[in-house]
Amino acid sequence: MSVLLLVLAALVLIYIRADRGLFAAGLVIAALVGMGLDGWHGASMFFGTVVLALSLFLLFPSGLRRGLLSKPLLGMVRGMLPKLSDTEAQALEAGTVDWDGQLFSGRPDWQELLDTPHPELTEEEQAFLDGPVEELCAMVDDWSVTNELYDLPEEVWQFLREKKFFGLVIEKEYGGLGFSHTAHSEVVHKIASRGVTLAVTVMVPNSLGPGELFAAYGTEEQKSHYLPRLARGEEIPCFALTSPVAGSDAGAIPDSGVVCRGQWNGEEVLGLRVTWNKRYITLAPVATLIGLAIKVYDPDNLLGRGRELGVTTVMVPSDLEGVYRGPRHMPMNTPFMNGPTWGTDVFIPMDQIVGGQEMIGEGWRMLLERLSIGRSISLPALGCSAGKVSCLTTGAYAEVREQFGRSISEFEGIQEVLEDMAGYTWMMDAARVFTSGMVDRGGKPSVPSALLKYRNTDLMRNVVTDAMDVVAGRAVIRGPRNFLARVYQAIPIAITVEGANILTRSLMVFGQGAIRCHPYIVQEIEAAGMEDQDKAVEKFDGVFFSHVAHTVRNTMRSLVLGASGGRLTRVPSRGGIQRHYRQLSRFSAVFSVLTDVSLLTIGGNLKARQRFTGRMTDCLVALYYASASIKQWHEEGYPEHMRDLVEWSLERSLHDAQNALYDAVTRYPVKSLRSPLRLLAFPLGRTLRGPDDERGQRVALSIVKPGHARDRVVQGIYVDENPRDPVGRVMHALHLSRETASIRKRINEAVRKAEPEQRQEIETLLGHQRDELLDWAIKHEVITEEERGSVSEAMAALYDVIRVDAFSKESVEKLAEGAKGSLELVERPTRADEA
């Protein structure tokens, strides 16, 4: 009995996270009670004392524990822990941990989530959105940009310079606007609703690029010289990372800089002779300042630091001899400025290294830190914006488009698609704001930024594709009337850039997060890598036993919460969503245990098990987006009109998390562990079903019917109700349709009640002979003469909204003749290709 009580007491004390003093006292009491219940039998006293002594030995650090246990355990663990390359180690050091760490812990503190400061725009930032950003959006005709000019109009470029759109986040003391990262996200979010080309042109100088690198790492001389010029648009920057062979793997880039002496402004100075060959570089064709990631070599050891000095970021003025830029790529016919740049033996002084000579070799760290910020802002904002435009236009189109005498928004098949569009768009927006807030608080959220970029662009693809399905033939015809085609065409760009989604999902998110966000594994890896054996054992001893307790605790939580439906955990009560909190806590515990098990049993081979890591990423994404939805609803005051959207997002996220975890455990790479892991994670099986049809219908109609919910879903994008605008045409028709709904209903009912022979004649008038139909309606006193004007205008608008563009045969032939010689391929020099 004494041993049994000791074991039970230990498990309970671990579960409640008792400190060492309480733990020891609890064990002693359990042992004494057990011995007493056994009548102080000798065997009970002996075994109880032995087990108690062993427990206290494991509980308290000591030289004996370190020598007998920690030292041999460290030797075993060294071979099991994941091996990190230099770039992976730098990636772990570069990022910071935020809510992702809570999810990996297995015990997320929901009150901490709710209490975390929420980003808010200043009056100045809001005024910029309401003023210059609105004005900019009104200046741009996306059809003209993408099909006629293949560029932004010159007056738009000038407006961008004058209003400092290229200096959104540059501090005011250096001539920029000094906006927050959330304001940056809101600006991109709004202008992306007007056109991808415009959005990308503004995104790039404010994300990973010379401005951000100079602001974070530059010398005071570099900041004072370049930042004001960048903010005013006098310098147009680009940053060139991707190489043809190496892609964006900085550890494998062939581009180089050799330390040497050379001429600069008539003087001989120490510098670098740089050779590079880069592609897919946004703004490269018009850039005046080219940022590069290169490897620096010092064959003559002029700096006294050896031959290979590491990845370095440098800035190369584009007007130097030997610099080539100007040719353009055409990414999916989306004509933002993008192209290759190359150069051979271009000399730059040490002053052109970001941060100066002492920052040689620090380039990869710089890029990782800033990329985690850029990935949190630009593409997530673009994806969210595309979702909102799709919801606004497709919801409106679904209401005004009629088939079989009914609005197609009443068809369940259409509602099923609209449901996903509305719910996913809300989730994208909540996650976007949630993550930008982390950056505004000074974080460098490497894991959240990666999963946000991956998931928002993936959901963008889903939502826009669903919109294309609803709008159908109207959406596939090229022309200025089409409000979906150009963003649909650009989807693969967002999926691919800043880390291709396949690799982000299967390698980056869980691969980094399992280590970076784990409460103990980083310290254990550091201990395993220490050369001083005594210090290594001491450090390892300090964390290993806490790690064991952490794993045991989450194992018990997984079983208890799984068996109880999550009921045995405390959660906030506001909003009436306790059941969702409980399931999220349960899945977080399972996720944490599975992380520990995978590090223990797969270890260094984790990177090769990409099906497993991809499923774990899917689970983390679901937990993160559910958390963001809760946080956003909380910050907005739990408005009841958003309940269906919020609960839909939670139910869908939990269903996705359940399925991802189920696949992860039932297909676990170590087959012998599949059954025990399934029992641990799903003691009652899979019990969550996702949103029901009734909620799904209400969510679908939230973007069809006017109201607070629809306004919130599409909040923050640019809307022009001019009937000549592609979006405005749909909104104008919707407005007139609602105003005349009762009149048109009377006409339709009168037609249905007409005599059969008369009805056939009337029905031929419905689609193409509006005036004759209205004459008939007035003649039969269905409508009045006073109503004729408004209903005629509405019927014209409703027909106009379903029309598609058609081009004259002569103009198409002329275009084809002109196109034969209009594009000339540019071949790069052989030497640059081999660089």
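A compact table of results
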quantity: Surface per residue (accessible, 1.4 Å probe) for the chain, Å²; calculated: 43 Å²
quantity: Dipole magnitude (debye, nearest 20) for the range 315-420, charges at Cβ of Lys, Arg, Asp, Glu; calculated: 160 debye
quantity: Simple spin-label estimate for residue 811 and residue 68 in nanometres, 7 Å along Cα-Cβ; calculated: 8.9 nm
quantity: Pairwise centroid distance, computed over Cα atoms, of the range 211-285 with the range 390-428, Å; calculated: 48 Å
quantity: Relative contact order [Cα under 8 Å, 6+ residues apart], the chain, whole percent; calculated: 14 percent
quantity: Across 163/223; 172/444; 163/278; 190/607; 172/278; 453/631, pairs whose alpha-carbon gap is larger than 27 Å; calculated: 163/278; 190/607; 172/278
quantity: Average Cα contact separation per residue, the range 365-500, under 8 Å, 6 or more apart, as relative contact order %; calculated: 35 percent
quantity: Relative packing of peptides 406-414, 783-791, 709-717, 340-348 - highest average C-beta neighbours within 10 Å first; calculated: 340-348, 709-717, 406-414, 783-791
quantity: Segment residue 686-residue 162, length gained on full extension (0.36 nm per residue, minus Cα span); calculated: 182.9 nm
quantity: FRET efficiency, 1/(1 + (r/R0)^6) with R0 51 Å, evaluated for residue 781 and residue 330 via beta carbons; calculated: 0.30
quantity: Per-peptide average of other Cβ atoms within 10 Å, ordering 373-386, 269-282, 53-66 highest first; calculated: 373-386, 269-282, 53-66
quantity: Qualifying aspartates and glutamates (Cα of each under 17 Å from Cα of residue 671; at least 8 residues distant if same chain); calculated: 596, 663
quantity: Largest to smallest principal axis extent of the C-alpha atoms in the chain, angstrom; calculated: 109, 83, 48
quantity: Theoretical gain in end-to-end length, residue 155 to residue 270 [0.36 nm per residue, Cα-Cα removed]; calculated: 37.2 nm
quantity: Span from the the range 311-385 Cα centroid across to the the range 774-813 one, whole angstrom; calculated: 53 Å
quantity: Helix 578-601 axis, angle to the chain major axis (alpha carbon atoms, nearest 10°); calculated: 60 degrees
quantity: Helix 2-15 axis, angle to the chain major axis (alpha carbon atoms, nearest 10°); calculated: 40 degrees
quantity: Neighbour net charge for residue 560 - beta-carbon separation under 10 angstrom, K R +1, D E -1; calculated: +3
quantity: Peptide ranges 310-316, 659-665 listed from the most packed, as the mean C-beta count within 10 angstrom indicates; calculated: 310-316, 659-665
quantity: 13 Å beta-carbon shell around residue 517, net charge (K/R +1, D/E -1); calculated: -2
quantity: The chain - mean residue ellipticity at 222 nm from DSSP helices (-39,500 (n - 2.57) per run, n ≥ 4, rounded to 500); calculated: -18500 deg cm²/dmol
quantity: Around residue 474: net Lys/Arg minus Asp/Glu count, Cβ-Cβ under 9 Å; calculated: +3
quantity: The chain - charge dipole about Cα centre, Lys and Arg +1 at Cβ, Asp and Glu -1, debye rounded to 20; calculated: 3520 debye
quantity: Ratio Rg/Rh [Cα only; Rh per Kirkwood] for the range 594-648; calculated: 1.25
quantity: Apportionment of accessible area to carbon and sulfur, the range 343-436, percent (1.4 Å); calculated: 44 percent
quantity: Cα gyration tensor shape for the range 245-323, rounded if a/c is under 1.5, else prolate or oblate; calculated: oblate
quantity: Extreme residue, positive dipole direction of the chain, given options 700, 491, 127 (C-beta unit charges); calculated: 700
quantity: For the range 424-575, projected area of the alpha-carbon convex hull averaged over all directions, nm²; calculated: 14.7 nm²
quantity: Virtual spin-label span in nm between residue 121 and residue 574, 7 Å along Cα→Cβ; calculated: 2.4 nm
quantity: Cα pair distances exceeding 26 angstrom across the range 486-643, given as percent; calculated: 45 percent
quantity: Signed unit charges on C-beta, dipole axis of the chain, positive-most listed residue 46, 222, 353; calculated: 46
quantity: Furthest towards positive pole of dipole, 265, 409, 58, structure part the chain, Cβ charges; calculated: 58
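The values are calculated or read from the model by the stated rules, or taken from the named source; none is laboratory data. Just so it is clear, the model here is predicted, and its values are computed rather than measured. Quick reminder, even Gly has a Cβ in these numbers, built from the backbone with ideal geometry, and neighbours come from all protein chains shown. Areas reflect the complete protein model, heavy atoms only, side chains present, ligands, DNA and RNA absent. Shrake-Rupley method; radii C 1.70, N 1.55, O 1.52, S 1.80 Å.
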